[in-house]
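See below for the structure under consideration.
The values are calculated or read from the model by the stated rules, or taken from the named source; none is laboratory data. Note that this is a predicted model, so its numbers are computed, not measured. With ideal geometry, Cβ positions are generated from the backbone for all residues, glycine too; neighbour counts draw on all protein chains shown. Heavy atoms of the whole protein, side chains included, go into the accessibility calculation; ligands, DNA and RNA do not. Shrake-Rupley method; radii C 1.70, N 1.55, O 1.52, S 1.80 Å.
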Amino acid sequence: MKKLEGKVAIVTGSDRGIGRGIAIAFAKEGCKVVVNSYRESEEAVNTVREIKKLSDAIFVRANVIREVDMKNLVDNAAQKFGRPDIMVNNAGILVQGTAETLTEQDWDKQMNVNLKGVFFGIKYAVLQMKKQGKGGRIINISSIAGLVGFPDISAYCASKGAVTEFTREAALDFAKYGITVNAINPGVILTEMTKDMIDDPATEKSFLENTPIGRVGQPEDIGNAAVFLALDESSFITGHNLVVDGGWTAR
């Protein structure tokens with residue numbers, strides 16, 4: 001039997017990148033997946049098609065910064081598949097700039113997607129999981145930028161630091177319902193968000209020098225970690241931030 005057979009997961013921002021890697025990793029283990037993006041795109045269609053070769057999937061358009069959209073996302077999972085067992089708050093953006101150069105609009109945009117989106121995801125997942133009465137798994141995608149500083153991305157570091165701490169706090173609130181809340185803190189992962197940086201030889205060299213394993217991560221590396229945290233066997237793990245960074249923060 002596959003490890004997540006019979007389970008249902010929602011993965012925000014799963015049309016590409018880390019979210020897609022998580023969605024496909026879940027599907028390989030028999031999980032049904034609600035694929036999400038703020039827009040209907042060819043990437044979303046392709047992700048659903050790929051998952052349907054392995055399990056079952058639907059696409060639900062929802063902007064994570066809109067509360068009504070996030071409620072609708074969770075409601076759709078319950079209506080189509082009976083319930084969500086797993087909620088992965090993955091959708092995120094990276095806004096570059098320092099406290100000196102960022103505008104208020106830059107700051108708000110970063111916080112809305114990376115932090116408010118996690119807030120809405122936790123809120124509506126918990127409300128539905130409590131109604132189901134069988135516990136659940138909430139997994140937030142943070143970053144090592146929520147643990148250590150990186151130059152020129154101050155709003156991003158602040159948002160991911162907040163997600164890291166929010167994960168610990170929410171774990172305390174919802175443990176009594178059998179709902180675990182954990183986070184994954186990825187290092188440098190090859191996605192559309194990081195491709196331009198990695199394509200720059202000097203930046204790539206810096207990334208590799210700072211990653212003891214000697215390579216950048218792939219979306220499936222985060223997908224495999226998410227599968228672990230989603231398992232029934234992980235029910236005694238909550239409030240944890242799982243670092244998946246090739247050793248970057250161990251230096």
(message) What percentages make up the Cα-Cα pair-distance distribution of the chain when the bins are 5 Å wide from 0?
(response) 1, 7, 14, 19, 21, 17, 12, 6, 3, 1, 0
(request) Taking H placed 1.01 Å from N in the peptide plane, check which residues at least 5 places from Ile189 or on another chain put their amide H under 5 Å from its amide H. (result) Gly217
(message) Excluding same-chain pairs closer than 8 in sequence, count the lysine pairs in segment 1-96 whose Cα atoms lie under 22 Å apart.
(response) 26
(message) Could you work out the relative contact order of segment 94-251? I mean the mean sequence separation of Cα pairs under 8 Å and 6+ apart, divided by the number of residues, in percent.
(response) 26
(message) Report, to one decimal in Å, the Kirkwood hydrodynamic radius for segment 1-78 based on all distinct Cα pairs.
(response) 12.1
(request) Net charge near Thr98: determine it from the other residues with C-beta under 11 Å of the C-beta of Thr98, scoring Lys and Arg +1 and Asp and Glu -1. (result) -3
(message) What does the charge count around Arg61 come to, taking other residues whose C-beta lies under 13 Å from its C-beta (Lys +1, Arg +1, Asp -1, Glu -1)?
(response) -2
(request) Working from Cα positions, state the angle (0 to 90°, nearest 10) between the long axis of helix 17-28 and the longest principal axis of the chain. (result) 30
(message) Run lengths n ≥ 4 of DSSP H only: what is the helix-derived mean residue ellipticity at 222 nm for the chain, with -39500 (n - 2.57) per run over all residues, to the nearest 500?
(response) -13500 deg cm²/dmol
(request) Determine the per residue accessible area of the chain with all protein chains present and a 1.4 angstrom probe, expressed in square angstrom. (result) 47
(request) Work out the length of the dipole vector of segment 151-251 about its Cα centre, built from +1 on the beta-carbon of each Lys and Arg and -1 on the beta-carbon of each Asp and Glu, and round it to the nearest 20 debye. (result) 280
(request) Quote to one decimal, in nm, the extra length available between Phe150 and Lys2 on full extension: 0.36 nm per residue of separation minus the C-alpha distance between them. (result) 49.4 nm
(request) Tell me which residues come under 5 Å, amide H to amide H, from Val243 once H is placed; ignore anything under 5 positions away on its chain. (result) Asn185
(request) Using the Karplus curve 6.51 cos²θ - 1.76 cosθ + 1.60 with θ = phi - 60°, work out ³J(HN,Hα) for each residue of segment 144-158 in order, rounded to whole Hz, and write x for Gly and Pro. (result) 5, 5, x, 10, 10, x, 9, x, 6, 9, 4, 5, 5, 4, 5
(request) Calculate, in nm to one decimal, what Glu192 and Asp232 gain on full extension: separation in residues at 0.36 nm each, minus their alpha carbon distance. (result) 11.2 nm
(request) Work through the residues other than Thr167 whose Cβ is under 12 Å from its Cβ and net out their charges, Lys, Arg +1 and Asp, Glu -1. (result) -1
(request) Please give the helix 42-52 orientation as an angle from the longest Cα principal axis of the chain, in degrees from 0 to 90, rounded to the nearest 10. (result) 50
(request) Return the carbon/sulfur percentage of the accessible area of the chain, one whole number, probe 1.4 Å, all protein chains in place. (result) 51
(request) Round to the nearest 10 and give me the degree value, 0 to 90, for the angle of helix 67-81's Cα axis relative to the longest principal axis of the chain. (result) 50
